[in-house]
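Participant: The structure that follows is given in the form of structure tokens.
What follows draws every value from the coordinates through simple rules; no lab data is involved. Bear in mind that the values here come from a model prediction, so they are computed numbers and not experimental data. Don't worry about glycine lacking a Cβ; one is built from the backbone with ideal geometry, like all the others, and counts go over all protein chains shown.
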Amino acid sequence: MAKTFLVVAEARGGKLRQVSFEALRAAQLSAAEGDSITAVLIGGSGSGTLATELAAYGASSIYVVENSALEHYNSEAYASALLAVADTVQPGAIYLGHTAIGRDLAPLVAARLAAGQISDVTAIARSGDTVQFTRPLYAGKAVEKKAFTDPNDIWVVTIRPNNIAASEPDASRLASVIDVAYPAPSLRSIVREVVKKTSGTIDLAEAKIVVSGGRGVRSAEGFQPLEELAAVLGGAVGASRGACDAGYCEYAMQIGQTGKVVTPEIYIACGISGAIQHLAGMSSSRVIIAINKDVEAPIFKVADYGIVGDLFEVVPLLTEEFRQLLK
Ligand SMILES: Cc1cc2nc3c(=O)[nH]c(=O)nc-3n(C[C@H](O)[C@H](O)[C@H](O)COP(=O)(O)OP(=O)(O)OC[C@H]3O[C@@H](n4cnc5c(N)ncnc54)[C@H](O)[C@@H]3O)c2cc1C
């Protein structure tokens, strides 16, 4: 039976998040001939303007649910909007980014639809009728390969950002755009305002380059050289819990077991010892560069490149060198 894949597109600041295109690609990799790829945009008024971009990345139809109650993410409101679309589309699978929103929304919707769920997927392989999903376990120390037992059941899948490359956009692709009537629901809670805690414009979870600071950074001002390096490289700044606990930066920047999971192409750890809980959030990065003055620091065991030295000397030198190279 042909399946409809419904991909939940996520936008922030009026722009689609990269993980939305990666989730579309994930759906394409899972689909068999005859299956269709549909996207849904949920948000405040004007969200529908992003539909053309989703078409370029392969969605053949796009459902748009616009309502002032959907301006900010709210589990109850978004779940009811998504379920309204699911009711119309009757999807065989719902794909979301493994983001703060996706992690909240996916199990809620899966439970309401009595669907199975596979989370934090980093690779997809289809062979015959079987679609195999790969996901990391135990802080990346092991991988698990999973498949849904019945292809006819509804699947709910979340895709880890930065792992499944989006397909090349093709602006000539067309899609039908369907506005879904969504009467303002009566909600038990309302999100009035979202206060951003980090100043960076690049989303940490989606950044291709992350420059991260630990307790070795010594103060909030100590993050300044890291911010400069990140700015030159077009990356984002992250932190260890040690740095957050010490009050040098916001917890929104924390990477690790109890923080964000990042898989950038380059992760630069500055003054971070490499505790197992920190590695849980970054050990799947493609290239890890560690700067630490202690040659015995455990971070060097996972690093591809290690610089033994004082970060306050090394980081400005790197910044200057990259500034010249990337001019
Ligand atoms: C349940 C639980 C969950 C946790 N979750 C997380 C998590 O999500 N993320 C996380 O990061 N941690 C987490 N932790 C904490 C973790 O165990 C470590 O305590 C923490 O990661 C240490 O942070 P750090 O490496 O910045 O500090 P430290 O371990 O103090 O390391 C500082 C490093 O900086 C180096 N250094 C000092 N000065 C300089 C300098 N001038 N130049 C270069 N190097 C220098 C030192 O040699 C040292 O290696 C968790 C702990 C628990 C128990």
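Participant: Report Rg (one decimal) and Dmax (nearest whole number) for the stretch 204-325, counting Cα atoms only, units Å.
Facilitator: Just the Cα atoms of the stretch 204-325 yield Rg and Dmax of 12.5, 37 Å.
Participant: Let me ask something else. Helix 75-89 sits at what angle to the longest principal axis of the chain, using alpha carbons and giving 0 to 90 degrees rounded to 10?
Facilitator: 40
Participant: For the stretch 1-144, what is the per residue volume of the convex hull drawn over the alpha-carbon atoms, in cubic angstrom?
Facilitator: Convex hull volume per residue, Cα atoms: 114 Å³.
Participant: Quote to one decimal, in nm, the extra length available between E321 and S60 on full extension: 0.36 nm per residue of separation minus the C-alpha distance between them.
Facilitator: Working: separation 261, 0.36 × 261 = 93.96 nm, distance 4.55 nm.
Contour length minus the Cα-Cα distance gives 89.4 nm.
Participant: Quick one: helix 18-30 against the long Cα principal axis of the chain, what's the angle to the nearest 10°, folded into 0 to 90?
Facilitator: The angle comes out near 60 degrees.
Participant: Where both residues lie in the stretch 4-179, what percent of DSSP beta bridges are antiparallel, nearest 5?
Facilitator: Of the beta bridges lying entirely in the stretch 4-179, close to 30 percent run antiparallel.
Participant: Ranked highest first by average number of other Cβ atoms within 10 Å, how do 167-176, 116-125 line up?
Facilitator: Ranking the peptides 167-176, 116-125 by packing returns 116-125, 167-176.
Participant: Same structure again: Would you list S75, S284 from fewest to most Cβ contacts within 10 Å?
Facilitator: The fewest-first ordering by Cβ neighbours comes to S75, S284.
Participant: Could you work out, for the chain, what percent of all Cα-Cα pairs fall into each 20 Å distance bin, beginning at 0 Å and stopping at the bin that holds the largest distance?
Facilitator: 31, 53, 16, 0
Participant: Quick check on the chain: helices-only [θ] at 222 nm, where DSSP H runs of length 4 and up contribute -39,500 (n - 2.57) each and the sum goes over total residues. Nearest 500, please.
Facilitator: -7500 deg cm²/dmol
Participant: Related question: Considering only lysines 8 or more places apart in sequence, or on different chains, count the pairs in the chain whose C-alpha atoms sit under 27 Å apart.
Facilitator: For the chain, qualifying lysine pairs total 25.
Participant: Please pull out the direction-averaged projected area of the stretch 155-200, using the convex hull of its alpha-carbon atoms, in nm² to one decimal place.
Facilitator: Computed as one quarter of the Cα hull surface, the answer is 7.7 nm².
Participant: Using the Cα atoms of the stretch 148-232 to build a convex hull, what is its mean projected area in square nanometres?
Facilitator: If I average the Cα hull's projected area over directions, I get 12.5 nm².
Participant: Give me Y305, Y78 ranked fewest to most by other Cβ atoms within 10 Å of their Cβ, as a rough exposure proxy. Don't jump to the answer; show the numbers that get you there.
Facilitator: Details: Y305 12, Y78 22.
The order, fewest Cβ neighbours first, is Y305, Y78.
Participant: Which angle from 0 to 90°, rounded to the nearest 10, does the C-alpha axis of helix 100-113 make with the longest principal axis of the chain?
Facilitator: Tilt of helix 100-113: around 30 degrees.
Participant: What whole-number distance in Å separates the alpha-carbon centres of the stretch 71-144 and the stretch 176-236?
Facilitator: The two parts, judged by their Cα centres, are 22 Å apart.
Participant: Report for the chain the percent antiparallel among DSSP-assigned beta bridges with both residues inside it, nearest 5.
Facilitator: 20
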